[in-house]
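Chemist: The following block contains the structure, expressed as structure tokens.
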Amino acid sequence: MGLSRPGLWLKRLWVFLQVAMHVAVGKVFLILFPERVKQQVLAMNQKNPHFSYDNWLPTFYGMQYFWFVLKVRWQRLEDRTEPGGLAPNCPVVQLSGQRCNIWDFMQGNRPLVLNFGSCTPSFLFKFDQFKRLVEDFCSTADFLIIYIEEAHASDGWAFKNNVNIRTHRNLQDRLQAARLLLDRTPRCPVVVDTMENESNWRYAALPERLYVLREGRILYKGKSGPWNYHPEEVRAVLEKLHS
Ligand SMILES: *[C@@H]1O[C@H](CO)[C@@H](O)[C@H](O)[C@H]1NC(C)=O
């Protein structure tokens, strides 16, 4: 993404230093207190069994981890969304290859739920929960899955138990990855972000995030995954709308 605000690069530099510090301190901590780190990871494991100790730990505070956290933190500097604000109408591509925009999926004053993600452990772990949401509310709300860049590509910050998908080099790669979701019968349209990753950046979507839009505005902005990605919060928002 280009320099769109004065001082953006200065902010990026500041974030870069913060992340470098975080990784350096983490690495030292890991070497000095391996048992404490293990206990922490095991506690996280209880929230989401897909983050098992063996999968996580070898990847902690490494180079790929550093680049990933940096990307997420830089992305947040360019987040264009706030509750009540206008929802960015970014271009997306349907699995047929046809281009359209996010707003095209909004119908009248029906809420539109956006589910951003890729084949990450937490996105797939909560996929059934999301599907139940679609089933329960399809008469009053619309749903759209936006497949973004691979958060845990096999040539990036990969875990042992990841679906084996390389970083998308072109739109075909991304469409192919998104088609894997069809095996899970999503029951709502699936589109992909363009290779400029505009939806991902404007909505600060990485690694996964949920939104509810209504009449072009943001009604609910979920927090980002893996720990704060909660389809049940969307359920509460939709229930409130129809009570
Ligand atoms: C968007 O993300 C892909 C990785 O999925 C990357 O290859 C591509 O360079 C990114 N595009 C831009 C403009 O940064």
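Chemist: Tell me the trypsin sites (Lys or Arg not before Pro) within region 88-182 that lie in a loop according to DSSP and have at most 12 other beta-carbon atoms within 10 Å.
Modeler: 160, 169
Chemist: If a/c stays under 1.5 just call it rounded; otherwise compare a/b with b/c (prolate if a/b is bigger, oblate if not). Do that for region 60-147, with a ≥ b ≥ c from the square roots of the Cα gyration tensor eigenvalues.
Modeler: prolate
Chemist: With both bridge residues required to lie in region 91-241, what share of the DSSP beta bridges run antiparallel, to the nearest 5%? Walk me through the intermediate numbers first.
Modeler: Working: 15 of 24 bridges.
Beta bridges within region 91-241, antiparallel portion: roughly 60 percent.
Chemist: Okay, moving on. What does the accessible area per residue of region 91-241 come to in Å², with a 1.4 Å probe and no ligands, DNA or RNA counted?
Modeler: Working: 6300 Å² over 151 residues.
Accessible surface, normalised per residue, equals 42 Å².
Chemist: To test your reading of the geometry: what angle, between 0 and 90 degrees and rounded to tens, separates the Cα axis of helix 127-137 from the longest principal axis of the chain?
Modeler: 20 degrees
Chemist: Ignoring the sites themselves, what is the longest stretch of the chain with no GluC sites (Glu not before Pro) in a DSSP loop and at most 14 other beta-carbon atoms within 10 Å?
Modeler: By the stated rule (loop sites, at most 14 other Cβ atoms within 10 Å), 1-195.
Chemist: Okay, moving on. Once both axes come from the Cα atoms, what is the angle between helix 34-47 and the longest principal axis of the chain, in degrees from 0 to 90, rounded to 10?
Modeler: Computed tilt is about 20 degrees.
Chemist: Now for a different question. Using a basic spin-label model with each label point 7 Å from the Cα along Cα→Cβ, how many nm lie between residue 227 and residue 194?
Modeler: 3.5 nm
Chemist: Put one equal scatterer on each alpha carbon of the chain, apply the Debye formula with no solvent term, and list log10 I(q)/I(0) at q = 0.08, 0.09, 0.12, 0.14 1/Å to two decimals.
Modeler: Log10 I(q)/I(0), no solvent term: -0.32, -0.40, -0.72, -0.97.
Chemist: With a probe of 1.4 Å, find how much accessible area region 5-77 has per residue, and write the answer as a whole number in Å².
Modeler: For region 5-77, the per-residue accessible area is 65 Å².
Chemist: Another question, then. To the nearest 500 deg cm²/dmol, what mean residue ellipticity at 222 nm is calculated for the chain from DSSP H runs of n ≥ 4 alone, each contributing -39,500 (n - 2.57), summed and divided by the residues? If you can, show how the numbers build up before the last one.
Modeler: Numbers: 9 runs with 99 residues, N = 243.
That calculation yields -12500 deg cm²/dmol at 222 nm.
Chemist: Right, another one. Given the whole protein assembly as supplied and a 1.4 Å probe, what does the accessible area of residue 37 come to in Å², nearest 10?
Modeler: 10 Å²
Chemist: Tell me, what is the FRET efficiency for residue 14 and residue 236 to the nearest 0.05, using R0 = 45 angstrom and their Cβ-Cβ distance as r? Please report the intermediate quantities before stating the final value.
Modeler: Values: r = 36 Å, r/R0 = 0.80.
According to the calculation, E is roughly 0.80.
Chemist: In addition: How much accessible area does residue 213 have with a 1.4 Å probe, in Å² rounded to the nearest 10?
Modeler: The accessible area comes out at roughly 0 Å².
Chemist: Multiplying the sequence separation of residue 166 and residue 184 by 0.36 nm and subtracting their Cα-Cα distance, what value in nm do you get?
Modeler: 4.4 nm
Chemist: Helix 8-32 against the longest principal axis of the chain: what's the angle in degrees, Cα atoms only, rounded to the nearest 10?
Modeler: Helix 8-32 and the main axis of the chain meet at about 50 degrees.
Chemist: Can you give me the % of accessible surface on the chain that is carbon or sulfur? Probe 1.4 Å, all protein chains present, nothing else counted. Numbers along the way, then the final one.
Modeler: Values: 6700 of 12150 Å².
Carbon and sulfur: 55 percent of the exposed surface of the chain.
Chemist: May I ask you to list the chymotrypsin sites (Phe, Trp or Tyr not before Pro) in region 57-141 that are in a DSSP loop and have at most 16 other Cβ atoms within 10 Å of their Cβ?
Modeler: Those that pass, being in a loop and sparsely packed, are 60.
Chemist: Which pairs in the list 11/240; 38/71; 27/221; 47/131; 71/240 are over 31 Å apart, alpha-carbon to alpha-carbon? All intermediate terms of the calculation are to be shown ahead of the outcome.
Modeler: Details: 11/240 38 Å; 38/71 26 Å; 27/221 33 Å; 47/131 20 Å; 71/240 35 Å.
Exceeds cut-off: 11/240; 27/221; 71/240.
Chemist: Using only the alpha carbons, work out the radius of gyration and Dmax of region 5-77 in angstrom.
Modeler: Gyration radius and largest Cα-Cα distance of region 5-77: 14.5, 45 Å.
Chemist: Still on this model: Going from most exposed to least, what order do 199, 96 have by accessible area with a 1.4 Å probe? Before the final figure, lay out the partial values.
Modeler: Numbers: 199 0, 96 95 Å².
Heavy-atom accessible area, descending, gives 96, 199.
The values are calculated or read from the model by the stated rules, or taken from the named source; none is laboratory data. It should be emphasised that the depicted structure is a prediction, and the values quoted were computed from it without experimental measurement. Neighbour counts are summed over all protein chains in view; Cβ atoms, including those assigned to glycine, are modelled from backbone coordinates with ideal geometry. Calculation scope for accessible area: heavy atoms of the full protein, side chains included, ligands and nucleic acids excluded. Shrake-Rupley method; radii C 1.70, N 1.55, O 1.52, S 1.80 Å.
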